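Undergrad: Handing you a structure now.
The values are calculated or read from the model by the stated rules, or taken from the named source; none is laboratory data. Note that the structure is a prediction, hence the values are computed from the model and not measured. Note that we place each Cβ from the backbone using ideal geometry, even for glycine, and neighbour counts take in every protein chain shown. Ligands, DNA and RNA are stripped out before the accessible areas are found, and what is left, the full protein with its side chains, is counted by its heavy atoms. Shrake-Rupley method; radii C 1.70, N 1.55, O 1.52, S 1.80 Å.
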Amino acid sequence: QVQLVESGGGLVQAGDSLRLSCAASGRTFNIGSMGWFRQAPEKEREFVTAINWSGGNTRYTDSVKGRFIISRDNAKNTVYLQMNSLKPEDTAVYYCAANSYTVSGSLGGYDYWGQGTQVTVSS
(Lines give C-alpha, C1' and ligand atoms only; values in the text may rest on other atoms or scores of the structure.)
Protein backbone atom coordinates (compact mmCIF):
# COMPACT_ATOMS: atom_id res chain seq x y z
CA GLN A 1 0.00 0.00 0.00
CA VAL A 2 0.97 3.61 -0.62
CA GLN A 3 -0.29 6.44 1.54
CA LEU A 4 -0.57 9.96 0.12
CA VAL A 5 -0.93 13.17 2.11
CA GLU A 6 -1.55 16.50 0.39
CA SER A 7 -0.80 19.93 1.82
CA GLY A 8 -0.55 23.53 0.71
CA GLY A 9 -4.12 24.40 -0.17
CA GLY A 10 -5.72 27.67 0.81
CA LEU A 11 -7.57 30.81 -0.18
CA VAL A 12 -5.87 33.11 -2.69
CA GLN A 13 -6.84 35.86 -5.08
CA ALA A 14 -6.98 35.59 -8.85
CA GLY A 15 -3.51 35.93 -10.32
CA ASP A 16 -1.77 34.60 -7.23
CA SER A 17 0.38 31.48 -6.97
CA LEU A 18 0.14 28.46 -4.71
CA ARG A 19 2.20 25.30 -4.33
CA LEU A 20 0.70 22.00 -3.35
CA SER A 21 2.73 19.09 -1.99
CA CYS A 22 1.95 15.40 -1.82
CA ALA A 23 4.08 13.17 0.34
CA ALA A 24 4.04 9.44 -0.30
CA SER A 25 4.80 6.78 2.28
CA GLY A 26 4.56 3.02 2.54
CA ARG A 27 5.52 0.89 -0.45
CA THR A 28 6.85 3.82 -2.42
CA PHE A 29 9.06 1.57 -4.52
CA ASN A 30 5.82 0.57 -6.24
CA ILE A 31 5.20 4.06 -7.56
CA GLY A 32 5.38 4.43 -11.33
CA SER A 33 3.78 7.83 -11.67
CA MET A 34 1.94 10.41 -9.61
CA GLY A 35 -0.71 12.87 -10.61
CA TRP A 36 -3.07 15.59 -9.53
CA PHE A 37 -6.81 15.64 -10.06
CA ARG A 38 -9.36 18.21 -8.95
CA GLN A 39 -13.04 18.29 -8.21
CA ALA A 40 -15.11 21.46 -8.18
CA PRO A 41 -18.50 21.60 -6.44
CA GLU A 42 -21.13 19.56 -8.29
CA LYS A 43 -18.63 18.56 -10.97
CA GLU A 44 -16.84 15.34 -11.71
CA ARG A 45 -13.26 14.81 -10.66
CA GLU A 46 -10.94 15.73 -13.52
CA PHE A 47 -7.33 15.15 -14.46
CA VAL A 48 -4.91 18.05 -14.02
CA THR A 49 -1.39 16.76 -14.48
CA ALA A 50 0.87 13.76 -13.88
CA ILE A 51 4.55 12.88 -13.83
CA ASN A 52 6.46 9.70 -14.38
CA TRP A 53 8.44 8.82 -11.28
CA SER A 54 11.61 7.65 -12.99
CA GLY A 55 11.97 9.60 -16.23
CA GLY A 56 10.08 12.72 -15.29
CA ASN A 57 7.79 12.70 -18.30
CA THR A 58 4.81 14.95 -17.70
CA ARG A 59 1.28 15.42 -18.97
CA TYR A 60 -1.09 18.36 -18.47
CA THR A 61 -4.69 19.08 -19.19
CA ASP A 62 -5.07 21.96 -21.64
CA SER A 63 -6.63 24.40 -19.18
CA VAL A 64 -3.53 24.50 -16.98
CA LYS A 65 -0.76 24.34 -19.57
CA GLY A 66 1.61 27.26 -19.16
CA ARG A 67 0.31 28.01 -15.65
CA PHE A 68 0.83 24.84 -13.60
CA ILE A 69 4.05 22.89 -13.18
CA ILE A 70 4.36 19.43 -11.71
CA SER A 71 7.67 18.27 -10.28
CA ARG A 72 8.97 15.52 -8.04
CA ASP A 73 11.62 14.92 -5.42
CA ASN A 74 12.35 11.23 -5.46
CA ALA A 75 14.51 11.42 -2.33
CA LYS A 76 11.59 12.87 -0.38
CA ASN A 77 8.93 10.77 -2.14
CA THR A 78 7.09 13.99 -2.76
CA VAL A 79 5.39 15.50 -5.77
CA TYR A 80 4.65 19.20 -6.09
CA LEU A 81 2.14 21.24 -8.03
CA GLN A 82 3.17 24.83 -8.61
CA MET A 83 0.08 26.77 -9.63
CA ASN A 84 0.59 30.22 -11.11
CA SER A 85 -1.81 32.81 -12.50
CA LEU A 86 -4.65 31.17 -10.63
CA LYS A 87 -8.19 31.76 -11.82
CA PRO A 88 -11.53 31.43 -10.01
CA GLU A 89 -12.29 28.40 -12.17
CA ASP A 90 -9.31 26.64 -10.60
CA THR A 91 -11.26 26.50 -7.34
CA ALA A 92 -11.62 22.85 -6.35
CA VAL A 93 -10.47 20.14 -4.01
CA TYR A 94 -7.16 18.91 -5.35
CA TYR A 95 -6.33 15.23 -5.00
CA CYS A 96 -2.99 13.52 -5.31
CA ALA A 97 -2.91 10.08 -6.90
CA ALA A 98 -0.34 7.39 -7.60
CA ASN A 99 -0.05 4.22 -9.62
CA SER A 100 2.45 1.49 -10.30
CA TYR A 101 2.97 2.15 -13.98
CA THR A 102 2.92 4.98 -16.47
CA VAL A 103 1.37 8.42 -16.63
CA SER A 104 -2.39 8.28 -17.08
CA GLY A 105 -5.05 10.92 -17.52
CA SER A 106 -7.93 8.82 -16.28
CA LEU A 107 -9.32 8.29 -12.81
CA GLY A 108 -9.19 4.56 -13.21
CA GLY A 109 -5.51 4.69 -13.97
CA TYR A 110 -4.56 5.32 -10.36
CA ASP A 111 -4.54 2.94 -7.45
CA TYR A 112 -3.86 5.26 -4.53
CA TRP A 113 -5.46 8.55 -3.54
CA GLY A 114 -4.92 11.25 -0.97
CA GLN A 115 -7.65 12.88 1.06
CA GLY A 116 -7.59 16.13 -0.91
CA THR A 117 -6.77 19.75 -0.17
CA GLN A 118 -9.04 22.71 -0.85
CA VAL A 119 -7.92 25.48 -3.19
CA THR A 120 -10.15 28.53 -3.40
CA VAL A 121 -9.43 31.38 -5.81
CA SER A 122 -11.39 34.57 -5.29
CA SER A 123 -12.02 37.05 -8.08
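Undergrad: Of all the accessible heavy-atom surface of region 1-62, with the other protein chains kept in place and a 1.4 Å probe, what percent is carbon and sulfur?
TA: Solvent-exposed carbon and sulfur of region 1-62 make up 42 percent of the total.
Undergrad: Sticking with this structure for a sec: If you roll a 1.4 Å probe over the heavy atoms of the protein chains, what accessible area per residue do you get for the chain, in Å²? Kindly include the intermediate steps, with their values, before the conclusion.
TA: Working: 6060 Å² over 123 residues.
Normalised by residue count, the accessible surface of the chain is 49 Å².
Undergrad: When 1/r is averaged over all different Cα pairs and the result inverted, which Kirkwood radius in Å belongs to region 1-48?
TA: 13.0 Å
Undergrad: Please list, or write none, the aspartates and glutamates whose alpha carbon is within less than 17 Å of the alpha carbon of LYS87, excluding same-chain residues fewer than 8 places away.
TA: ASP16, GLU46, ASP62
Undergrad: Determine the gain in length on full extension of the stretch SER71-GLN118; use 0.36 nm per residue of separation and subtract their C-alpha separation, reporting nm with one decimal. Don't skip to the answer; put the middle values down first.
TA: Numbers: separation 47, 0.36 × 47 = 16.92 nm, distance 1.97 nm.
Using 0.36 nm per residue and subtracting the Cα-Cα distance, I get 15.0 nm.
Undergrad: In the chain, if every C-alpha pair distance is counted and binned at 5 Å from zero, what percent goes to each bin?
TA: So the P(r) values, bin by bin, are 2, 12, 24, 26, 19, 10, 5, 1, 0.
Undergrad: Something else: Along the Cα→Cβ direction, 7 angstrom out, place labels at VAL5 and LEU107. What is the inter-label distance in nm?
TA: Placing both labels 7 Å beyond Cα along the Cβ direction yields 2.6 nm.
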